[in-house]
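Have a look at the structure below before the remarks.
The values are calculated or read from the model by the stated rules, or taken from the named source; none is laboratory data. None of the values given here were measured: they were computed from a predicted structure. Note: ideal-geometry Cβ built from the backbone for every residue, glycine included; neighbour counts use all protein chains shown.
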């Protein structure tokens, strides 16, 4: 009788081990697929660009605003000033980003000077924007100036 009891217990244990093995593999497989699809969503999504102080100048999320060196003047829905930015991006990709997105926000490119220190000038109806980009060994620095045009009465900072 003890032999039958041992074989019954052994059979039950083997059944549980087999059941755990089969369901365990299924659980691990589904978790791996879930995490792979989650990481694929994370990689494809990436950080989104944003409008910081100027409502029509899009900034890439890879560069951060230096609040200590920046100055923005806001009054009656109008903003002007300078944003100082830096981050680990290539200067050429930053130049391409601004050229593409400024056009999407109805800024007209007036001119640009590309060298080790790049300057780009954009214009809208009542404002101008100058973007300066300089790359060094560790990061890329940019300054975005937005100012009113002087030739229209009542649009300056001193009314």
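Which residues, counting only those in the stretch 30-58, are modelled with pLDDT of 80 or more and touching a helix residue (DSSP H, G or I) at 6+ places or on another chain (Cβ under 9 Å)?
Once the filter is applied, which keeps residues that are modelled with pLDDT of 80 or more and touching a helix residue (DSSP H, G or I) at 6+ places or on another chain (Cβ under 9 Å), the stretch 30-58 yields 56, 57, 58.
How many of the residues in the stretch 109-125 are in contact with a strand residue (DSSP E or B) (Cβ under 6 Å, 6 or more places away or on another chain) and outside any strand (DSSP E or B)?
0
Do we have residue 143 as assigned to a loop (DSSP other than H, G, I, E, B), modelled with pLDDT of 90 or more and over 15 Å from the mean Cα position of the chain (by Cα) here?
no
Going residue by residue through the stretch 89-100, is there one that turns out to be in a strand (DSSP E or B) and either under 16 Å from the mean Cα position of the chain (by Cα) or touching a residue at least 60 places away in the same chain (Cβ under 8 Å) (or both)?
No, because not a single residue in the stretch 89-100 is in a strand (DSSP E or B) and either under 16 Å from the mean Cα position of the chain (by Cα) or touching a residue at least 60 places away in the same chain (Cβ under 8 Å) (or both).
Does residue 21 meet the test of being over 26 Å from the mean Cα position of the chain (by Cα) and modelled with pLDDT under 90?
For residue 21, the condition - over 26 Å from the mean Cα position of the chain (by Cα) and modelled with pLDDT under 90 - is met.
Of everything in the stretch 103-121 that's under 14 Å from residue 133 (Cβ atoms) and within 22 Å of the chain's Cα centre (by Cα), which residue is surrounded by the most Cβ atoms within 10 Å (Cβ to Cβ)?
Per the stated criteria, the residue is 120.
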